[in-house]
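What follows is a set of notes on a single structure, which appears directly below.
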2 protein chains.
Amino acid sequence: MNQMCGQQSIRLEQPPHVIGAASVVGKKESEGPLGDLFGIICEDDMFGEESWEKAESRMQTESMRAAMSVAGKRAGQVRCLFGGDLLGQLIATSFGVEELNIPLLGVYGACSTCGEALALAAMMISGGYADCVATVTSSHFASAEKQFRFPLGYGNQRPLAATWTVTGSGAFVLASQGGHVRITGVTMGRVVDYDVHDSMNMGACMAPAAADTISRNLRDFGRTPEDYDRIITGDLGYVGQTILMELMREQGFEIRQQHMDCGIEIYDRETQDTHSGGSGCGCSAVTLAAMILPKIEKGEWKRILFVPTGALLSTVSFNEGQSVPGIAHGLVIEHC
Amino acid sequence: MNQMCGQQSIRLEQPPHVIGAASVVGKKESEGPLGDLFGIICEDDMFGEESWEKAESRMQTESMRAAMSVAGKRAGQVRCLFGGDLLGQLIATSFGVEELNIPLLGVYGACSTCGEALALAAMMISGGYADCVATVTSSHFASAEKQFRFPLGYGNQRPLAATWTVTGSGAFVLASQGGHVRITGVTMGRVVDYDVHDSMNMGACMAPAAADTISRNLRDFGRTPEDYDRIITGDLGYVGQTILMELMREQGFEIRQQHMDCGIEIYDRETQDTHSGGSGCGCSAVTLAAMILPKIEKGEWKRILFVPTGALLSTVSFNEGQSVPGIAHGLVIEHC
């Protein structure tokens, strides 16, 4: 059964259904425009743990448990789990999911990880390799600042192009039947490197990758932007959105009507001091679980293109003067 | 087409073939017992680059190019690439494969990454999602010591239980037809945490995960150890091997006759001062490419179980006092 579509895409002949989704967020996210939609809100960003990393692991455990509960599945019924985060060697995931005892396939695509995980999970179900697969991703403002920039106590200033790492974890459970949301297609992203060297302007690093994946998706499936109710990027923020629009126009596509960005949706620009918007492995995941999937479930949106975006850097490569390449993976999600 | 097998395994109905494999190693590896078998040997461990990380990226580029050359494929014919390494945020892979322009799905399972990548690549081919998929993984002694332990200049002493990170990269190209090596089954591993806290004894951290995956594989497929010509772990070393044997006996399996460990094979214990053996994301990958696959290709071995083993730690979790859990993914590889 050949399911290849165009150069980089896959048309899933037996589209898997998303039968459970859950979001866990911190205090700041609960105060944003989507605050009322999130499933679990923790007022204490330590989540009762003794380090930021353990707090992030705790979020993954909680979001997984909540998503499995919505799906009506026990851990023993989930055949495998695709998980990832932004920390070195995926420690938030390793420690976050170990008590669930589900076979783990660790994935990393920076903030595009949620898209990569869902794409692989969808293929596992559609290919008959599993009857139930879960995905989980997370980010935490404090663990990410410590990993990539400065410890919080240092109190460094942030430029206006900077985004704010979302404290949150989103988990999803996929199966071959159930509910009204299904994943019908995947576009795998390439590493796109525009030689941007500013780790405080992730939008500019990721926008070229988003443009590459979106235009590739449209060409591979022979669609126009109007074929999607929304084209939703992960965390480009205001700066990245502007660049994306320009790059898409250069490719001959106008997506102003359809474009939405999870990083723009999640915080209030006027009052929350998050500059260019939200970012992180949790940003697109919690927005998908809390805001996007419910609209598809109800049929308000019939078909969307969901494109989590990632900036591929570590402090090591960045400090050695290397660029910050981007990557983005696309998922076609439809009401059924 | 239900391909699920037992609790954690998959029986591939249309087993993909490994049509190209390549290994790139450094000087020390070339001086070991497998030295004559490796494809590309670089006398300068910097590989002509200006940092250890860039050197590791260079190894990935070279091993990918060599594997594609063996397979007779251009980069444009490889539909996607599963890649990973041990560094934070997979920078060796991001920068190593970007010039190839192949869609990238980043994976992380510590030193089990080679197994995870091959498992997912095999499922993509078998499921009809792609006609040609590649995998690449790497490790570099110097970049790993810098990432996880001490900079080389510090000259710290290494305990006898410690393993030596292999400088090397292995790449593989899979397709639905070609050659005499195919992947017929997969056993996905769980995170197994025996609460070991010694990052200088990775064998002890990983052996429980290896035992879990191997015994699961035997039960899921209804096989005995005798059904495999070899059961080959990734990098348990001498210390880990001893523990594995004991744990397997507790599970009711005697694998002394079949067991082999890439970390034990790759260095000479007497002369190379590598203590418990070799380790790293490159260890099992280069041994598979250089030594194991040729034996299967020739029919010398009819069926093996290949089980790369990973220790899930980062300096952050380790310094915060967390344990070092293990994970191992199993692949059934057969002559055809």
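The values are calculated or read from the model by the stated rules, or taken from the named source; none is laboratory data. Values in this document were obtained by computation on a predicted structure and should not be read as measured data. Here the Cβ is made from the backbone with ideal geometry for all residues, glycine too, and neighbour counts use every protein chain on show. When the accessible area is computed, the model is the full protein with side chains, heavy atoms only, and any ligands, DNA or RNA have been set aside. Shrake-Rupley method; radii C 1.70, N 1.55, O 1.52, S 1.80 Å.
Go through (1) out of contact with any helix residue (DSSP H, G or I) (no Cβ under 6 Å at 6 or more places or on another chain); (2) of a type outside the set (Gly, Ala, Ser); (3) within 22 Å of A:Gln60 (Cβ to Cβ) one by one and return the number of the condition A:Lys302 breaks.
The number of the failed condition is (3).
Could you pull out the residue among B:Gly282, B:Gly234 that is touching an Asp or Glu at 6+ places or on another chain (Cβ under 9 Å), away from chain A (no Cβ under 14 Å) and over 28 Å from B:Arg11 (Cβ atoms)?
Selected residue: B:Gly282, the only one of B:Gly282, B:Gly234 that is touching an Asp or Glu at 6+ places or on another chain (Cβ under 9 Å), away from chain A (no Cβ under 14 Å) and over 28 Å from B:Arg11 (Cβ atoms).
Could you tell me whether A:Ala22 is in a helix (DSSP H, G or I), under 27 Å from A:Arg182 (Cβ atoms) and more than 11 Å from chain B (Cβ to nearest Cβ)?
no
Test B:His275 against the stated conditions and say whether it is in contact with a strand residue (DSSP E or B) (Cβ under 9 Å, 6 or more places away or on another chain) and modelled with pLDDT under 95.
It is true that B:His275 is in contact with a strand residue (DSSP E or B) (Cβ under 9 Å, 6 or more places away or on another chain) and modelled with pLDDT under 95.
Working carefully through the options A:Ala92, A:Ala75, A:Ala66, find the one that is open to solvent by less than 60 Å² (accessible area, probe 1.4 Å), more than 17 Å from A:Glu145 (Cα to Cα) and within 12 Å of chain B (Cβ to nearest Cβ).
A:Ala75
List the pairs whose first member sits in region A:245-262 and is in contact (Cβ under 8 Å) with a residue 24 or more places away in the chain, whose second member is in a helix (DSSP H, G or I) and open to solvent by 60 Å² or more (accessible area, probe 1.4 Å), and whose Cβ atoms are under 8 Å apart, counting only residues at least 6 apart or on separate chains?
Every condition considered, the pairs that remain are A:Gln257/A:Glu226; A:Gln258/A:Glu226.
Taking only region B:222-236 into account, find how many residues are open to solvent by 60 Å² or more (accessible area, probe 1.4 Å), farther than 15 Å from B:Arg249 by Cα and outside any loop (DSSP other than H, G, I, E, B).
Here the count works out to 2.
Count, please, the residues in region A:78-89 that happen to be more than 9 Å from chain B (Cβ to nearest Cβ) and at positive phi.
Total satisfying the criteria: 0.
Can you confirm whether A:Glu29 is open to solvent by 10 Å² or more (accessible area, probe 1.4 Å) and not aliphatic (A, V, I, L, M)?
Against the criterion (open to solvent by 10 Å² or more (accessible area, probe 1.4 Å) and not aliphatic (A, V, I, L, M)), A:Glu29 does not qualify.
In region A:45-57, what residues are under 23 Å from the mean Cα position of the chain (by Cα) and surrounded by fewer than 16 Cβ atoms within 10 Å (Cβ to Cβ)?
If the condition is that a residue be under 23 Å from the mean Cα position of the chain (by Cα) and surrounded by fewer than 16 Cβ atoms within 10 Å (Cβ to Cβ), then A:Met46 is the only one that fits.
Are there any pairs, at least 6 apart or on different chains, whose C-beta atoms fall under 6 Å, with the first in region B:36-59 and away from chain A (no Cβ under 14 Å) and the second surrounded by fewer than 23 Cβ atoms within 10 Å (Cβ to Cβ) and hydroxyl-bearing (Ser, Thr, Tyr), and if so, which?
If the second residue must be surrounded by fewer than 23 Cβ atoms within 10 Å (Cβ to Cβ) and hydroxyl-bearing (Ser, Thr, Tyr), the pairs left are B:Ile41/B:Ser30.
Inside region B:305-320, can you point out the residues that are modelled with pLDDT under 95 and more than 7 Å from chain A (Cβ to nearest Cβ)?
If the condition is that a residue be modelled with pLDDT under 95 and more than 7 Å from chain A (Cβ to nearest Cβ), then B:Thr315, B:Phe318, B:Asn319 are the ones that fit.
Regarding A:Arg190, is this residue open to solvent by 10 Å² or more (accessible area, probe 1.4 Å), among the basic types (Lys, Arg), within 11 Å of chain B (Cβ to nearest Cβ) and touching a Ser or Thr at 6+ places or on another chain (Cβ under 7 Å)?
no
Can you go through B:Glu49, B:Glu43 and tell me which one is among the charged types (D, E, K, R), under 19 Å from B:Ile266 (Cβ atoms) and in contact with a helix residue (DSSP H, G or I) (Cβ under 6 Å, 6 or more places away or on another chain)?
Result of the check over B:Glu49, B:Glu43: B:Glu43.
Does A:Gly109 fit the bill of being buried (at least 24 other Cβ atoms within 10 Å of the Cβ), within 7 Å of chain B (Cβ to nearest Cβ), under 18 Å from the mean Cα position of the chain (by Cα) and in contact (Cβ under 8 Å) with a residue 60 or more places away in the chain?
So A:Gly109 passes the test.
Would you be able to tell me the number of residues in region A:267-290 that are open to solvent by less than 20 Å² (accessible area, probe 1.4 Å) and either over 13 Å from the mean Cα position of the chain (by Cα) or without any contact (Cβ under 8 Å) to a residue 12 or more places away in the chain (or both)?
Matching residues across region A:267-290 total 5.
Taking A:Leu236, is it free of Cβ contacts under 8 Å to residues at least 60 places away in the same chain and of a type in the set (A, V, I, L, M, F, W, C)?
For A:Leu236, the condition - free of Cβ contacts under 8 Å to residues at least 60 places away in the same chain and of a type in the set (A, V, I, L, M, F, W, C) - is not met.
Scan region B:127-135 and give yes if some residue there is polar (S, T, N, Q), away from every other protein chain (no Cβ under 11 Å) and assigned to a loop (DSSP other than H, G, I, E, B), otherwise no.
Looking through region B:127-135, none of the residues is polar (S, T, N, Q), away from every other protein chain (no Cβ under 11 Å) and assigned to a loop (DSSP other than H, G, I, E, B).
Find the residue count for region A:260-307, including only residues that are of a type outside the set (Ser, Thr, Tyr) and closer than 15 Å to A:Thr163 by Cα.
Residues in region A:260-307 being of a type outside the set (Ser, Thr, Tyr) and closer than 15 Å to A:Thr163 by Cα: 18 in total.
Give me a count of the residues in region A:136-178 that are within 13 Å of chain B (Cβ to nearest Cβ), part of a loop (DSSP other than H, G, I, E, B) and surrounded by 24 or more Cβ atoms within 10 Å (Cβ to Cβ).
Selection size over region A:136-178: 1.
Is it the case, given these coordinates, that B:Ile255 is of a type in the set (Val, Ile, Thr), open to solvent by 10 Å² or more (accessible area, probe 1.4 Å) and in contact with a helix residue (DSSP H, G or I) (Cβ under 6 Å, 6 or more places away or on another chain)?
no
Using the structure shown, decide if B:Asp36 is open to solvent by 20 Å² or more (accessible area, probe 1.4 Å), more than 23 Å from B:Ala122 (Cβ to Cβ) and part of a loop (DSSP other than H, G, I, E, B).
Judged against the criteria, B:Asp36 is not a match.
Being modelled with pLDDT of 95 or more and out of contact with any strand residue (DSSP E or B) (no Cβ under 7 Å at 6 or more places or on another chain) is true for just one of B:Leu86, B:Leu90, B:Leu34. Which residue is that?
Result of the check over B:Leu86, B:Leu90, B:Leu34: B:Leu34.
If we keep just the residues of region B:1-19 that are closer than 18 Å to A:Leu81 by Cβ and either among the aliphatic types (A, V, I, L, M) or open to solvent by 30 Å² or more (accessible area, probe 1.4 Å) (or both), which is farthest from the other protein chains (Cβ to nearest Cβ)?
B:Gly6
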